[in-house]
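Bear in mind these aren't lab numbers, they're just calculated from the coordinates by the rules spelled out. Note that the structure is a prediction, hence the values are computed from the model and not measured. Don't worry about glycine lacking a Cβ; one is built from the backbone with ideal geometry, like all the others, and counts go over all protein chains shown.
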Amino acid sequence: MSRKPPNILLIHCDQHRFDCVGANGHPLVQTPHLDRLAAEGVNFTHAFTPTAICSPARASLLTGTFPCQHGCIAIPGHEHYRPARGDLPKFPPLLAERGYRLGYVGRYHNEVEGDPTDFGFETFIANEQYGAWRAAQGLAPPPGGAFRDFFGVTDDHVAPEQTEIAWLADHVIDLLNGYAGSDDPFMLRWDTVEPHLPCVCPEPYASMYDPASIAPWPGFDDPLEGKPWIQAQQPRNWGVDGWDWARWAPTVAYYLGVISLLDAQVGRVLEALDRLDLAERTLVVYTADHGDLCGGHGMVDKHFVMYDDVQRVPLIARWPAGLEAGGTCEDMLIQEIDLASTFCDAAAAPVPSTFEGRSILRAARGEDTAPRADVFGEWSGGQFGLYSQRMVRDRRWKYVWNCTDVDELYDLETDPGEIRNLAGDPTHAEQLQRLRLRLVAWMEKLGDVKLNIWTRPLLEGRDVYS
């Protein structure tokens, strides 16, 4: 296995559920190119976002820190949005110092001040430029547009090769063509909007999946008993309260269709790597900022829940010259903040002491002699007000501290859909306290402002009720 620093291609999509990849066991979704990537690389099956919201998660990816550390806790347009701290090291400049050429194509979500050219990228092609290109081709704007049109919309005005994601893939391939003629390594980041709602796609993807053939998510039939009140309120906000699966299934069908459209464009980029003789020496990483409820627990989008629907993400890494093919890291708990350390490790760049993560390359090679026992997540407000949560999860148990509501405890072994909240069950008091104290220790280590003289007594020893 080569240890020469590789090229790096990060394919970072928005709102892709872990379980909506063929290689991860979905019985219907067609993702042959992601499946190929998994077969030729390493599939990390237990990878988690630090927070299920776009800008904060992306700031964590850049800085290798959690939102409570970097300070970006909401998306632009909300009163408590602010960009991540400018004094924190970010991985792109560290790669540039090692001679990497840096390119960025696609969605930028204002996670830090400025745009990608302000933190190391020499090329930035924003997805917002697609609208002008589409108009210049004489094509009508995409249908829908209202954020509540999340149910799925067919774009009859374009062929698949004229969609935004195909347009972005064109630019990715153009950059690869340019990089192929240089001896300098490159780091190319491709951020897609897909499969984030609203799910808009052309044929044949719009009708690729028959809603009647799609089974409910494991956590769909959730009465939300003994759970925070806001979880029952969320479906009312979206107007989907009381929907049965027959009403949800068409939305899921569109969601799967968009994922297959995304996969086809990933395939085009992988073919370009092959054609340009770049595949062998390029580390390709595919992941997402967070997952999607898409009807899970009867809810829409993500936010203020810590279910695996939104916390668990796909993560696949392929580097033929540096990683053995066909590996699956089922036992490793991975956080998306690990990617900043991973890219520095691959590039032989120094890893700043502020980075909280660890290189996934070492886990893939079996060199991580002290794997994580648990992972963490947080939420500090957003579209639905300052409702804050913190979460700790190991391979079997998940504990969620909701600052202003009931605690949550789930046995993921017996209840993978996370339907039964066991926090009020005295039988599991020992597990609850163990995870509570672990969460307190993590918050204390990070200097989380949510752990203070008022909340610490509540977190460490408040009465549990359901």
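Values as computed for the structure displayed
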| read-out | value |
| --- | --- |
| DSSP-defined antiparallel bridges as percent of all bridges, the chain, nearest 5 | 45 |
| Cleavage-rule hits, trypsin sites (Lys or Arg not before Pro), the stretch 1-60, DSSP coil, Cβ neighbours within 10 Å at most 15 | Arg3 |
| Amide hydrogen neighbours beyond the local backbone of Val200, cut-off 5 Å, H modeled | Val153 |
| Calculated from backbone phi, Karplus (6.51, -1.76, 1.60) coupling profile of the stretch 103-117 in Hz, x at Gly/Pro | x, 9, 10, x, 6, 10, 10, 6, 6, 10, 4, x, 10, x, 5 |
| Förster radius 25 Å - calculated FRET efficiency between Trp229 and Asn452, Cβ distance, rounded to 0.05 | 0.60 |
| Global form of the stretch 387-466, assessed from the alpha-carbon gyration tensor, a/c cut-off 1.5 | prolate |
| Cα→Cβ-extended label distance, 7 Å offset, between Ala132 and Asn177, nm | 2.1 |
| Which listed pairs, of Lys4/Lys302; Lys90/Lys445; Lys4/Lys90; Lys90/Lys398; Lys227/Lys302, have C-alpha distances above 28 Å, in listed order | Lys4/Lys302; Lys90/Lys398 |
| Rounded to whole Hz, the Karplus (6.51, -1.76, 1.60) HN-Hα couplings of the stretch 301-316, x for glycine and proline | 6, 8, 6, 5, 9, 10, 5, 4, 3, 10, 7, 9, 10, x, 8, 10 |
| Projected label distance in nm at Arg362 and Ser207, using a 7 Å step from Cα toward the beta-carbon | 5.3 |
| Centre separation in Å (Cα based) which lies between the stretch 48-97 and the stretch 380-434 | 25 |
| The chain: relative contact order as a whole-number percent, Cα under 8 Å and 6+ apart | 25 |
| Debye log10 I(q)/I(0) for the chain, one point scatterer per Cα, at q = 0.12 Å⁻¹ | -1.05 |
| Convex hull per residue volume in Å³, alpha carbons only, for the stretch 146-231 | 193 |
| Mean ellipticity per residue at 222 nm, deg cm²/dmol - from DSSP H runs of n ≥ 4 across the chain, formula -39500 (n - 2.57) | -9000 deg cm²/dmol |
| For a label point 7 Å along the Cα-to-beta-carbon line of Asn237, residues of the stretch 29-64 with backbone N under 18 Å | 51-57 |
| Sparse-neighbourhood loop sites, GluC sites (Glu not before Pro) in the stretch 355-426 - DSSP loop, at most 13 other Cβ within 10 angstrom | Glu367, Glu413 |
| Net charge over other residues, Cβ less than 15 angstrom from the Cβ of Phe376 (K, R count +1; D, E count -1) | +2 |
